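Structure first, commentary second.
The values are calculated or read from the model by the stated rules, or taken from the named source; none is laboratory data. The model shown is predicted, which means the values in this text are computed figures rather than measured ones. Virtual Cβ from ideal backbone geometry, glycine too; neighbours counted across all protein chains shown. Calculation scope for accessible area: heavy atoms of the full protein, side chains included, ligands and nucleic acids excluded. Shrake-Rupley method; radii C 1.70, N 1.55, O 1.52, S 1.80 Å.
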Amino acid sequence: MGRAYKLIQNLGRVLTFFVTVVTFAETKHIPNPAPPGSSQAYLVAGPEGKVYLSWIEPAKAGRSSLRFAVRNNGDWHLLGTISEGANWFVNWADYPTLLPMREGVFAAHWLEKKGHSTYSYGISLAQSAAGGTSWKILFAPEVRQEGQYTGFASLVTLSRELGAAYLAPTPEGGEHDKALRFARFASDGAVISDEMLDSDVCTCCQTAAGVTADGPIVAYRDHESDEIRDISVVAFKNGKWSHPRPVHRDRWRINACPVNGPALAASGNRVAVAWYTGADEKPRVYAAFSGDGGATFGTPARIDSGMPLGRVAVVLLPDGGAIVSWIEKKQTGGGQILVRRVSADGRVTGTQRVSSVDTARKTGFPKMALHGNSLSVAWTDDRVRTVDVPLPAK
């Protein structure tokens, strides 16, 4: 009898998980300066609490332009153009990023072609003078041979220094062999260091970086010899980088890059990592927390509603929990951006729908940032779209 009761209890938990209640909360579309044809939206909160948006838009004569805006008094205001070029690599998955470092000082990166083949491209990393009106190139790693690339960068502020995690060709590897590297720059833009953190990683999944009380931490999709591609982290502590360690052993074996990297948020010693996995042919989205700067992570909480595509984002909340966003397929076709709250002890609660979206590549990787008591969310439709969504209920 006791065994049967326990079986019924467990079955009830499973049914409760899959019958996910999605709240259709009031979503407020906020017009932004990105024109029709814009893409590769990136949202980030600055140290002074402001939220910034960057995007790529087509310019004259086949050129591309990277522009950015700030949210002030509830509206988006164009700040200007970061860079413009005729030979850029514009790709749905390897998108530019923007980093507000301190009042009026920004860093950003974009991608430029370095050869004749499709994937011969590299990072251009720049920093602005006060006000973001003039930009100086700091870093542009060279492509060693045709078909190779450096990309998938994540930027962080280290006091008055700048840090950049990125993927690059291995010193003697083939076209599809990639390493995780981390470069540091002084306040004047001089390169302090450029270190290899992992010599064998998944070739085209996004990196994610943050800063703990001890220093920078990077999450990425690792690669093992038997084609296991789980999420690992490396963290800087006591003057050196840790060895790579898995956030969780999903044991996803796939003989290809899934183009579906992790998301990371950090504050003090709190770290939240969200990710997608297809292990055992069962697509899932997970989130896990660390209270010791990424040295260890707790048991992952399952976030999705049963049909996830991934493309995750995560923000930490003041109460120690987090909000995770992802794209979920709909039973009727197409997809939707969902956001869900998860507490530091792994309890998942309110799920809210942000918008219906196309599940194709053109939607890109939706981004979000806290904006007062709501979330700002950005993605690509026929242009870059931005909305506000109330925080999911506890």
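Being closer than 22 Å to Val105 by Cβ and under 18 Å from the mean Cα position of the chain (by Cα) is the requirement here; does Leu79 meet it?
Working: closer than 22 Å to Val105 by Cβ: yes; under 18 Å from the mean Cα position of the chain (by Cα): no.
Taking the combined requirement at face value, the residue does not satisfy it.
For Val247, are the conditions met, namely being at negative phi, among the aliphatic types (A, V, I, L, M), at pLDDT 95 or above and open to solvent by 40 Å² or more (accessible area, probe 1.4 Å)?
Working: at negative phi: yes; among the aliphatic types (A, V, I, L, M): yes; at pLDDT 95 or above: yes; open to solvent by 40 Å² or more (accessible area, probe 1.4 Å): no.
So Val247 fails the test.
Taking the options Thr363, Thr380, name whichever one is under 17 Å from Arg67 (Cα atoms) and either at pLDDT 95 or above or touching a strand residue (DSSP E or B) at 6+ places or on another chain (Cβ under 9 Å) (or both). It would help to see each step written out before you state the result.
Numbers: Thr363 fails: under 17 Å from Arg67 (Cα atoms).
One residue alone meets the criteria, Thr380.
Can you tell me which of (1) open to solvent by 10 Å² or more (accessible area, probe 1.4 Å); (2) more than 21 Å from Lys367 (Cβ to Cβ); (3) hydroxyl-bearing (Ser, Thr, Tyr); (4) modelled with pLDDT of 95 or more is the one Ser225 doesn't meet?
(4)
Taking Pro318 as meeting all but one of (1) under 16 Å from the mean Cα position of the chain (by Cα); (2) open to solvent by 40 Å² or more (accessible area, probe 1.4 Å), write down the number of the exception.
Here Pro318 clears every test but (1).
For region 315-394, which fully contained strands (runs of 3 or more DSSP E) count at least 1 residues that are over 22 Å from Ala41 (Cβ atoms)?
Hits in region 315-394: 335-342, 348-357.
Can you spot a residue in region 27-41 that is at pLDDT below 95, open to solvent by less than 70 Å² (accessible area, probe 1.4 Å) and not in a loop (DSSP other than H, G, I, E, B)?
No, every residue in region 27-41 fails to be at pLDDT below 95, open to solvent by less than 70 Å² (accessible area, probe 1.4 Å) and not in a loop (DSSP other than H, G, I, E, B).
Assess whether Ser187 counts as being at pLDDT below 95 and on the phi > 0 side of the Ramachandran plot.
Details: at pLDDT below 95: yes; on the phi > 0 side of the Ramachandran plot: no.
For Ser187, the condition - at pLDDT below 95 and on the phi > 0 side of the Ramachandran plot - is not met.
Here is a check on your reading of the model: is Val211 open to solvent by 20 Å² or more (accessible area, probe 1.4 Å), at pLDDT 95 or above, under 18 Å from the mean Cα position of the chain (by Cα) and not polar (S, T, N, Q)?
For Val211, the condition - open to solvent by 20 Å² or more (accessible area, probe 1.4 Å), at pLDDT 95 or above, under 18 Å from the mean Cα position of the chain (by Cα) and not polar (S, T, N, Q) - is met.
Among the residues of region 357-377, is any open to solvent by 10 Å² or more (accessible area, probe 1.4 Å) and among the acidic types (Asp, Glu)?
Within region 357-377, one or more residues are open to solvent by 10 Å² or more (accessible area, probe 1.4 Å) and among the acidic types (Asp, Glu).
Taking the condition of being over 19 Å from Asn255 (Cα atoms), touching a residue at least 12 places away in the same chain (Cβ under 8 Å) and either β-branched (Val, Ile, Thr) or open to solvent by 30 Å² or more (accessible area, probe 1.4 Å) (or both), how many residues in region 185-208 meet it?
Residues that pass the stated criteria total 7.
Tell me which residues, restricted to region 301-314, are assigned to a strand (DSSP E or B), under 17 Å from Gly261 (Cα atoms) and open to solvent by less than 30 Å² (accessible area, probe 1.4 Å).
Of all residues in region 301-314, those assigned to a strand (DSSP E or B) come to 301-302, 308-314.
In the following step, the residues that additionally are under 17 Å from Gly261 (Cα atoms) were identified as 302, 308-314.
Passing the criteria: Pro308, Gly310, Arg311, Val312, Ala313, Val314.
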